[in-house]
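The block underneath contains the structure these notes are about, expressed in structure tokens.
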Amino acid sequence: MVEALDLFLKIGLDKRTAENTIANNKVTTNLVAVINEAAVTDGCERSTGNLLYTVATKFPANALVHRPKLLEYIVSSKIKTPAQVEAAFAFLTVTGSEDLDINKFEEACGVGVEVSLEDIENTVNEIFEEKKSAILEQRYRTNVGDLFAHVRKKQPWADPKIVKSLIDSKLYALLGEKTAADNEKPVKKKKEKPVKVEVKNTPEEAPLQTPSEEELNPYLIFPSPEENYKVHTEVFFSDNRPVLRACNSKALLEKHLKATGGKVLTRFPPEPNGYLHIGHAKAMFVDFGLAKERDGGCYLRYDDTNPEAEKKEYIDHIEEIVGWMGWKPFKITYTSDYFQELYDLAVELIRRGHAYVDHQSGDEIKEYREKKMNSPWRDRPISESLKLFNDMKCGLIEEGKATLRMKQDMQSDNFNMYDLIAYRIKFTPHPHAGDKWCIYPSYDYAHCIVDSLENITHSLCTLEFETRRASYYWLLDALSLYQPYVWEYSRLNITNTVMSKRKLNRLVTEKYVDGWDDPRLMTLAGLRRRGVTSTAINGFVRGIGITRSDGSMIRLERLEYHVREELNKTASRTMVVLHPLKVVITNLEGSLVTDLDAKKWPDAPGDDPSSYYKVPFSKIVYIEQSDFRMKDSKDYYGLAPGKTVLLRYAFPIKCTEVILSQDKKTVVEVHVEYDPDKKTKPKGVLHWVAEPSPGVDPLKVEVRLFDKLFLSENPGELDKWLDDLNPDSKVVIPCAYAVPSLKHAEVEDKFQFERLGYFVADKDSTPEKLIFNRTVTLRDSYGKAWK
């Protein structure tokens, strides 16, 4: 490992990136091999090293035979930009292991093409002229990524650093200095700066001095529908069958493009057997986001192949939460809408000799698959399987006595080619399709076919489905159907929680939490109830990017950073005291109550009454118990005997007397004198709540303080994961004191309780008692650590 670290430093990786790379065995092995193949074990320029890193992490697996040739071009600087390397990947993916046509390769990668500064300037000027009215309207909220993409389209081999510099200069020349209005809401790229340097368990890309095009527009990595004639997946068989190179014929692609008008069509296909979690937010960002960015559409498709698991509650929840997340489906469909087509295609699959009816039990299928043994019924006559499959459909065979299996490749290295089940018998009515069917298709059979029937252009899913890609294309090829472009991205894993549907279901059903929308869960309903906004979630997902790095764990603090950034701008300020300590102002008249102005926003303008709320100031006020000590110290800014502090929006107070309980230890109340002329300027500032009128207690509210649900960062890996539950993940304060204006709060209204954190009004609130959930504390350890 020391030798590998040395190699990585020599090619220009900074120390932290090199050390993070060492933590990933797969990337380490690939990068060491690349450095040796490139013959740069003695070191190279950092720009070259960055490209070598990209080759080590992204080179297409089906074209490894050509990797030395690409490295030769990189080391000799014939290929010297990330755009050229990406073009090389695309070309080599199509070429696969076939002979390399050097002339076509060089043409595809822009080898020898020099783009002058004048050419780039002219292109940037053209783009700005085209987009001028929109830029002037949006000013510094203009999406720089879109401008970058337009320049890239016209000048694909232009130096990205120069392009970025010219765009920035042109923006400044056109718009001038930023105004106060421009600064009210920073553009997303600015917001992401603190999070770009997060140390991840799995390195994704070598550090570059300028943002990559993928960071500016994460959807640039996906090809257009017109390009779906290219081979991007090869399926190898254990017998003498030729390699299956997944691609569409010209006729199939033309038929598809005619049906879609060339538009991008994606799908978000949740199974309606539970509530969506934050991992689904990433899937929505990818599926709906790509369709929106390309002016296409995204289906919301319920994957309802299992009649026993689906519930209307889950279906209704999914549709509501998709809308709450800001996405609008192109069309809402169900896999069950296609049950007849799926059945007809299963019959055709049998006719073509690619499926058979099997009578093995579940345990026998498992045993035979483990031993790579064919089923005794695998080679039964086609006519026999057709009759038996019809008997299955007509309910003439008992449940568990027969399945329809695809005849794939039992000797394959990929276990997802071991004759997967296509149909099972279940004598259960379907929630959506009724009682018409007693056989139901499997996910592996239905998913790819419905993708094809709906003319999906990009079938996008998480990396655990990558091994299913072979089965996906095998089936569509066997039925001569249109083949969507399949691409997998990394699953979203967050510390101190679980997102396995099975584990979430157990937490809910065994009442470790209070339902699917418990604010401690990472379900989207739970996050919403906790006060997290959809825009904060989408900003978080965009910040982590669409990558294929597996095994990375994103810290919870990173999500909290985005939540704070959002709520700091949108949540109005108010004052609540969680653990009240009575303070008597001895030099204030007992019957006097004065309404003072308190700011809803830190920068509230003095001439805008709507930016203020009234707080009563009277003889009896309450402060936090933790804001008083019997012994003062230099680093303590609270109240102590003989010490003066400022009551926020009010007056300085000085402690003159302390009343203790009979145990002579517990402080019961504190007597103070206030400075009506505000002559003293204490450092400490406290939040407080006063009696609204003499002898009347302040508004009582319940406050629920939520924290991490699990103590460990990765509880899902623990055998006894339930033992890791945080006993303090929910603390209820039944009687906190609040300012009177808070009584008008409605469910999902969000506030910053000054000095305490961000809170949201909970749905359990009643007119008699308001309940507030803590969304997140004010502490920003993530942002501070990485600024």
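The values are calculated or read from the model by the stated rules, or taken from the named source; none is laboratory data. Being a predicted model, the structure only gives us computed values, none of them experimental. When we count neighbours, we look across all protein chains shown, and the Cβ atoms used for this are built from the backbone with ideal geometry, even at glycine. Ligands, DNA and RNA are stripped out before the accessible areas are found, and what is left, the full protein with its side chains, is counted by its heavy atoms. Shrake-Rupley method; radii C 1.70, N 1.55, O 1.52, S 1.80 Å.
Computed from Cα positions, the angle between helix 144-154 and the longest principal axis of the chain comes to roughly 30 degrees.
With a/c under 1.5 counting as rounded, go ahead and sort the stretch 555-643 into rounded, prolate or oblate using the C-alpha gyration tensor (a ≥ b ≥ c being the square roots of the eigenvalues; past the cut-off, prolate if a/b is larger than b/c, else oblate). Oblate, because a/c is 1.5 or more while a/b does not exceed b/c.
Using the average count of surrounding beta-carbon atoms within 10 Å as a protection proxy, the listed peptides 729-742, 258-271 rank, highest first, as 258-271, 729-742.
Axis of helix 443-453 versus longest Cα principal axis of the chain: the two differ by about 80°, to the nearest ten degrees. With a Förster radius of 51 Å applied to the C-beta separation of N36 and T535, the computed FRET efficiency comes to 0.60. Taken as Cα centroids, the stretch 223-284 and the stretch 436-468 sit 10 Å apart, rounded to the nearest whole angstrom. Classify the stretch 637-787 from the C-alpha gyration tensor, please: rounded if a/c falls under 1.5, else prolate or oblate depending on whether a/b exceeds b/c. Prolate, since a/c reaches 1.5 and a/b exceeds b/c.
Cross-link list K599/K708; K708/K763; K599/K681; K631/K708; K619/K743: which exceed 25 angstrom alpha carbon to alpha carbon? Violating the 25 Å limit, Cα to Cα: K599/K708; K631/K708. Placing +1 on the Cβ of every Lys and Arg and -1 on the Cβ of every Asp and Glu, with no other charges, gives the stretch 342-489 a dipole of roughly 340 debye about its Cα centre.
Take the chain with all the other protein chains still there, run a 1.4 Å probe, and you get 47 Å² of accessible area per residue. Ranking Y649, P605, Y636 by how far each Cα lies toward the positive end of the dipole of the stretch 601-665 (charges on Cβ) leaves Y636 at the top. Each residue of the stretch 287-297 was assigned a 3J(HN,Hα) from its phi angle through the Karplus expression (A = 6.51, B = -1.76, C = 1.60, θ = phi - 60°), giving 6, 5, x, 4, 4, 5, 5, 9, 6, x, x Hz with x at Gly and Pro. Extension gain for K683-D101 works out to 202.1 nm (0.36 nm per residue, less the C-alpha to C-alpha distance).
The stretch 79-125 and the stretch 538-589 have their alpha-carbon centroids 45 Å apart. For the chain, which whole percent of the accessible surface, found with a 1.4 angstrom probe, sits on carbon and sulfur atoms? Heavy-atom surface of the chain belonging to carbon and sulfur, 1.4 Å probe: 49 percent.
Using the Cβ-Cβ distance between T586 and K763 with R0 = 45 Å, the FRET efficiency computed as 1/(1 + (r/R0)^6) comes to roughly 0.55. Every helix of 4 or more DSSP H residues in the chain counts as -39500 (n - 2.57), and over all residues that averages to -10500 deg cm²/dmol at 222 nm. Close amide H pairs (under 5 Å, H built 1.01 Å from N) link T333 with L300, R301, Y302, residues at least 5 positions away or on another chain.
For the listed peptides 577-590, 466-479, a ranking on the average number of other beta carbons within 10 Å per residue, highest first, reads 466-479, 577-590.
Compared with the dominant principal axis of the Cα atoms in the chain, helix 46-58 is inclined by about 70°. Please work out how many pairs of lysine residues in the stretch 388-521 are eight or more positions apart (or on different chains) and have Cα atoms closer than 28 angstrom. Number of lysine pairs found: 13. The separation of the stretch 599-660 from the stretch 324-389, counted between C-alpha centres, amounts to 70 Å. Just one of (i) 37; (ii) 23; (iii) 54 is percent of Cα pairs over 46 Å apart as worked out from the coordinates here. Which one is it? Answer label, from the structure shown: (i).
Of all aspartates and glutamates in the structure, the ones whose alpha carbon falls short of 15 Å from that of K292, not counting any fewer than 8 places away in one chain, are D146.
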